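**Q** I have a structure I would like to understand better, so I am pasting it below and will then ask my questions one at a time.
No value in this document is a laboratory result; all are computed from the given coordinates. In this text the structure is predicted, and so the values were computed from the model without any measurement. We place every Cβ from the backbone using ideal geometry, glycine too, and count neighbours over all the protein chains shown.
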Amino acid sequence: MHVRRFPVPVDTFAPGGTTNAYLLGDADDAETILVDPAGRTDDLDRAVEASDVAHVLVTHAHPDHVGGVAHYADETGATVWARTGREDRFEAATGVAPDRTFREGTTVGPATVMETPGHAPDHVALTTDAGVLTGDLVVAEGSVVVGADEGDVRAYLTSLRRLYARDPDRLYPGHGPEIDDPRAILERLIRHRLDREAKVLAAVSGGATGIDEILDAAYDKDLSGVRDLARSTVAAHLEKLAVEEKVSWDGDAARGASGVATSERDGPDRA
């Protein structure tokens, strides 16, 4: 099966300022899928016109992944899919009512759905013979935003570990280049998240209570232009630590939990 990538310019903090739209399927495949059409480009227009697109879906309904859904659904007459239980979210983001829904294990053309929440509650990946389309679960460089607004660090780590256990040959992320060393990248992303958690926990254990105080202790780099994203990330880590009873966190102030001094430090094979 052939996977074709089309970077689409988007107005976000996305790496390189683009989101990857993908066409899955061979030229004569009657079940070609268009994934994450973030908008229109001439290259994507031509490729869609030359393909028999049967399905349109997104890995999640964030604005930088859905801008072209309505246009391409109308142009192709393809079946439009959304995550089961998230139909209203999808329609609000795209302006299109889905024709069908998917869940873990659903087969759509040449792909199978793998639920991978964490970055977003409706996030999925698509497994194929050629590799895994990961949406915003994975990125080749840097890290993925998992913010407190709708992100879930516990779910995100679980999703990374599930993908790690599958040991795919190649990853096709929502932003940036293809990844041909999946395990190394997944290990890096897991370690990065756990290292950040350790710094957040250390800050709280050291007496920091307010989110800005914790943020300044947990980050040792210039956050100009991204401070709000970093604050949301710290809040998401505090929510995870609170669920695990490692800190108390009421949305305004954090306190260390009695007898807890260390964060989770295990690697990808932790359950």
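**Q** Among Asp129, Asp228, Asp152, which one moves the most in a GNM of the chain with springs linking Cα atoms closer than 10 Å?
**A** Looking only at Asp129, Asp228, Asp152, the biggest GNM fluctuation is shown by Asp228.
**Q** Give, in nm to one decimal, the length gained when the segment between Thr158 and Thr12 is fully stretched (0.36 nm per residue of separation minus the Cα-Cα distance). If you can, show how the numbers build up before the last one.
**A** Values: separation 146, 0.36 × 146 = 52.56 nm, distance 2.60 nm.
Here the segment from Thr158 to Thr12 would lengthen by 50.0 nm.
**Q** Please express the Cα-Cα pair-distance distribution P(r) of the range 187-232 as a list of whole percents, one per 5 Å bin, running from 0 to the bin with the greatest distance.
**A** Calculated over all Cα pairs of the range 187-232, the distribution is 5, 22, 28, 26, 15, 3, 0 percent.
**Q** Expected output is a single nm value to one decimal: the length gained when fully extending between Asp169 and Asp222, i.e. 0.36 nm times separation in residues minus the C-alpha distance. What is it?
**A** Working it through step by step, the gained length comes to 15.6 nm.
**Q** Moving to a separate point now. So for the pair Arg100, Asp195, with labels modelled 7 Å out along Cα→Cβ, what separation do we get in nm?
**A** 4.3 nm
**Q** Restricting to Cα atoms and excluding each atom paired with itself, what does the Kirkwood estimate give for the chain in Å?
**A** Values: mean 1/r = 0.0517 Å⁻¹.
Kirkwood radius, the chain: 19.3 Å.
**Q** Here's something else I'd like to know. Once a ≥ b ≥ c are taken as the square roots of the eigenvalues of the Cα gyration tensor of the range 1-105, is the result rounded (a/c under 1.5), prolate (a/b larger than b/c) or oblate (a/b not larger than b/c)? Provide the component values of the computation, followed by the final result.
**A** On the way: a/c = 1.58, a/b = 1.06, b/c = 1.49.
Oblate.
**Q** May I pose another question? Name the residue, out of Ala242, Ala125, Ala38, whose mean-square fluctuation peaks in a Gaussian network model built on the chain with Cα pairs under 10 Å.
**A** Taking springs between Cα atoms under 10 Å, the residue moving most is Ala242.
**Q** Only Lys, Arg, Asp and Glu count, each charged at its Cβ (+1, +1, -1, -1), so figure out the dipole size of the chain about its Cα centre, rounded to 20 debye. Don't skip to the answer; put the middle values down first.
**A** Working: 28 positive and 49 negative charges, 186 e Å.
Taking the Cα centre of the chain as origin, the dipole is about 900 debye.
**Q** Ok, one more. How many nm is it between the label spots at Arg46 and Thr107, if each spot is 7 Å from the Cα in line with the beta carbon?
**A** Between Arg46 and Thr107, the label points sit 3.4 nm apart.
**Q** Just need the relative contact order of the chain here, percent rounded to a whole number, with Cα pairs under 8 Å and 6+ apart.
**A** Details: 555 pairs, mean separation 35.2, N = 271.
Relative contact order for the chain comes out at 13 percent.
**Q** A follow-up question, please. Any idea which of Ala73, Gly142, Gly207 is furthest toward the positive side of the dipole for the chain, if Lys and Arg beta-carbons carry +1 and Asp and Glu beta-carbons -1?
**A** Working it through, the farthest residue towards the positive pole turns out to be Gly207.
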